[in-house]
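Shown next, in structure tokens, is the structure this report addresses.
The values are calculated or read from the model by the stated rules, or taken from the named source; none is laboratory data. Predicted, not measured: the structure shown is a model, and the values here were computed from it. Quick reminder, even Gly has a Cβ in these numbers, built from the backbone with ideal geometry, and neighbours come from all protein chains shown.
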Amino acid sequence: MCGIVGYIGNKDAVPILIYGLSKLEYRGYDSAGVAVYSKDSVDIVKTKGRLAFLEDRLLQNPLYGNLGIGHTRWATHGAPSDINSHPHVSKKNKFAVVHNGIIENYMHLKDELKAAGYSFASDTDTETVAHLIDFYYKEGLTFEDAVFKAIERIEGSYALAIMCEDFPDKIIAARKDSPLIIGLGEDENFVASDVTAILNYTRNVHFLGEKEVAVVKKDSVEVFDKDKNKISKEISRIDWDIEAAEKGGYDYFMLKEINEQAKVVRDTLAPRLKESHIELDGINIGKKIKNINKIYMVACGTAFYASLIGKSLIEKYCRIPVIAEVASEFRYNNPLIDESSLVILVSQSGETADTLAALRLAKSKSARVLAVVNVVGSTIAREADDVLYTHAGPEIAVASTKAFSAQVAAMYLVAIHFGMELDKILEKEYCEYKTELEKLPSLIDNILTKSHNIEELAGKYLDVKNVFYIGRGLDLIISYEGSLKLKELAYIHSEAYAAGELKHGPIALIEDSTLIIGNATVENLLEKTISNLKECKARGAKVLAIAMDDCEALGDAADDVFFIPRIKSEFAPLLANIPQQVFAYYMAYLLGHDVDKPRNLAKSVTVE
Ligand code: F6R
């Protein structure tokens with residue numbers, strides 16, 4: 001997730017680009033850059049770090065011109081650095097490109113371009129686009145046709161704004177699976193990732209559709225479909241204020257992030273799920289996994305619950321013993337690890353103090369360290385032996401939602417990948433798992449269309465003082481996450497408990513006002529979980545169940561049920577968690593709490 005802005009008109013482009021980028025910084029803030037057409041060349045200023053760094057650079061090296069593109073980056077391929085910052089250019093700055101998204105086949109395209117004599121300056125997927133357009137342009141295609149040809153070759157997601165040294169009168173914009181809008185002004189037009197970047201100048205926009213391409217000049221905008229047919233686009237008038245627009249019209253970033261989860265899961269899975277195997281960029285363990293006799297999963301908070309799912313999957317697919325431990329305990333427990341151990345750390349920020357300490361301890365004992373991290377170039381990512389990035393984009397709300405879903409998606413990738421390397425998963429089974437994994441994004445969206453039902457349930461249970469989340473197997477793990485979200489957002493006391501353990505003590509706490517949230521998606525344990533729900537109901541508790549569509553076994557065990565679409569049980573946690581997130585969100589929202597900034601919490605816990 002990055003931010004793109006483009007301007008063409010009569011005004012000085014740089015201040016407009018910088019203003020736009022300042023409104024897009026929430027989409028990414030590890031580096032920023034601009035390209036401006038000044039006199040007869042395309043000039044670039046870009047830098048690692050926040051936008052303020054770019055502004056400093058521009059003071060030292062000002063750029064003047066009426067056409068420009070800008071970018072604020074959230075790294076996916078290549079660590080944050082000056083060279084990896086956008087815009088990326090082809091030779092002698094003929095083409096300059098800013099990009100949001102992931103080019104899945106960039107390695108293949110890069111090899112092809114290298115063979116054709118192109119050399120690459122950065123580690124990014126985006127640079128491939130600049131060279132690819134240049135390649136087709138040099139073959140004699142027009143600027144427009146070279147862009148069409150290049151995007152035909154690209155697999156993955158993209159929002160692109162492109163300028164060419166030979167055409168000081170146009171920006172070409174294109175999108176697939178990443179948002180892009182065209183802002184329409186008087187003798188000036190804009191390109192942007194979202195309306196926040198341009199609301200100061202215009203409220204009239206075209207929302208570019210999938211695979212559409214726009215040729216943006218200062219006094220005209222032409223839009224083409226993927227077959228190069230010119231299409232007429234509706235002008236939408238934006239009435240939101242800037243603050244609402246940054247949140248995409250949602251009241252809170254958390255709700256926006258909840259609603260981004262289908263995309264995040266797709267972005268994490270799709271580039272890695274190949275025809276007959278999983279390809280994990282950044283992981284070089286490969287067959288050496290055969291030398292590993294023990295795995296530790298170490299993380300904090302929500303990331304720890306993703307790790308627990310990882311433990312369950314790795315033990316199932318790889319038959320290697322896995323110990324999961326919170327980082328704050330692991331680091332002081334003198335863990336039994338050596339060079340035949342693998343320690344897998346999971347962290348959104350890549351900066352969590354306890355997780356980082358766990359990493360350093362593991363390395364000091366010669367264990368191999370694999371980090372599953374969201375923030376590219378973070379300390380944990382840099383110090384680990386292998387890194388698998390989740391492609392969740394920046395998570396602004398303190399409570400983790402989309403990053404968790406991306407972490408869980410990554411757990412499937414790691415477990416299945418190792419299972420195949422160990423010859424414990426055959427290609428045929430892989431294909432079955434792949435089919436299930438590929439269903440997840442659309443099933444997540446399907447659940448989110450029913451969010452209003454959960455909002456009603458939150459209203460119904462707003463007065464509860466004690467909540468138990470219960471389940472068995474993976475349902476228990478996802479209960480931990482549900483309970484954490486409710487605690488931290490709604491400030492309601494809640495516990496997650498193994499459904500079968502209730503009768504060994506905690507059932508004494510159950511009374512008329514207790515709410516039980518029962519996760520009941522693990523097919524082979526369903527009857528048992530349902531019996532436990534009935535035991536709670538018989539003692540006066542209210543029961544809200546999360547079950548798969550057509551779950552007849554549930555009978556009258558629950559007062560309310562939220563149904564999720566059917567899927568193989570081992571892939572259900574990601575789906576069952578969505579209503580839990582939405583429930584916690586609405587409980588907090590209806591109670592009037594600041595959902596994005598719960599009390600006493602911080603986004604990145606860099607102290608012990
Ligand atoms: C809860 C939450 C925290 C984090 C934890 C680890 O919603 O966000 O529990 O999961 O602080 O943070 P990272 O993943 O950055 O290491």
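Odds and ends about this structure:
- Which numbered condition Glu25 misses (of (1) under 21 Å from Tyr389 (Cα atoms); (2) buried (at least 19 other Cβ atoms within 10 Å of the Cβ); (3) among the charged types (D, E, K, R)): (2)
- Matching entry among Glu488, Glu535 (being in the same structural domain as Asp475 (by TED's automatic domain parsing), within 30 Å of the chain's Cα centre (by Cα) and of a type in the set (Asp, Glu)): Glu488
- Hey, Glu383 surrounded by fewer than 24 Cβ atoms within 10 Å (Cβ to Cβ), modelled with pLDDT under 95, within 13 Å of the ligand (Cβ to nearest atom) and acidic (Asp, Glu) or not: no
- Within segment 131-152, the set of residues being over 14 Å from Asp227 (Cα atoms) and surrounded by 16 or more Cβ atoms within 10 Å (Cβ to Cβ) comprises His131, Leu132, Ile133, Asp134, Phe135, Tyr136, Tyr137, Leu141, Phe143.
- Answer residue from segment 415-463, given it is among the aromatic types (Phe, Trp, Tyr) and more than 26 Å from Ile517 (Cα to Cα) and is surrounded by the most Cβ atoms within 10 Å (Cβ to Cβ) among those: Phe418
One line per residue, one yes/no per condition, for (1) closer than 28 Å to Ala399 by Cβ; (2) touching a His at 6+ places or on another chain (Cβ under 6 Å); (3) polar (S, T, N, Q):
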| residue | (1), (2), (3) |
| --- | --- |
| Asn291 | no, no, yes |
| Ala327 | yes, no, no |
| Asn333 | yes, no, yes |
| Leu336 | no, no, no |
| Leu356 | yes, no, no |
| Leu359 | yes, no, no |
| Ser364 | no, no, yes |
| Ala371 | yes, no, no |
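- Every residue from segment 334-373 that is surrounded by fewer than 17 Cβ atoms within 10 Å (Cβ to Cβ) and within 16 Å of the ligand (Cβ to nearest atom): Arg360
- Condition check for Leu574: within 17 Å of Glu436 (Cα to Cα), outside the structural domain of Arg331 (by TED's automatic domain parsing) and either within 16 Å of the ligand (Cβ to nearest atom) or in contact with a Ser or Thr (Cβ under 7 Å, 6 or more places away or on another chain) (or both): yes
- Helices (runs of 4 or more DSSP H) contained entirely in segment 232-323, each with at least 1 residues that are closer than 24 Å to Lys568 by Cβ and touching a residue at least 60 places away in the same chain (Cβ under 8 Å): 253-259, 261-269, 301-318
- Test: residue in segment 388-409 that is more than 15 Å from the ligand (Cβ to nearest atom) and not in a loop (DSSP other than H, G, I, E, B): no
- Selection status of Leu462, within 23 Å of Leu590 (Cβ to Cβ) and not in a helix (DSSP H, G or I): yes
- Residues of segment 577-608 that are within 16 Å of the ligand (Cβ to nearest atom), more than 28 Å from Leu440 (Cα to Cα) and modelled with pLDDT of 95 or more: His593 alone.
- Residue tally, condition surrounded by fewer than 24 Cβ atoms within 10 Å (Cβ to Cβ) and more than 16 Å from the ligand (Cβ to nearest atom), over segment 292-312: 5
- Filter pass, Ser494 being within 16 Å of the ligand (Cβ to nearest atom), of a type in the set (Gly, Ala, Ser) and at pLDDT 95 or above: yes
- Flag if Leu370 is outside any loop (DSSP other than H, G, I, E, B) and touching a strand residue (DSSP E or B) at 6+ places or on another chain (Cβ under 7 Å): yes
- Within segment 503-558, the residues that satisfy the criterion of being of a type in the set (Gly, Ala, Ser), in contact (Cβ under 8 Å) with a residue 24 or more places away in the chain and assigned to a loop (DSSP other than H, G, I, E, B) are Ser513, Gly540, Ala541, Gly555, Ala557, Ala558.
- Restricting attention to segment 379-413, the residues that are in contact with a His (Cβ under 9 Å, 6 or more places away or on another chain) and among the basic types (Lys, Arg) total 0.
- Segment 133-143: number of residues that are more than 20 Å from Asn100 (Cα to Cα) and in a helix (DSSP H, G or I): 5
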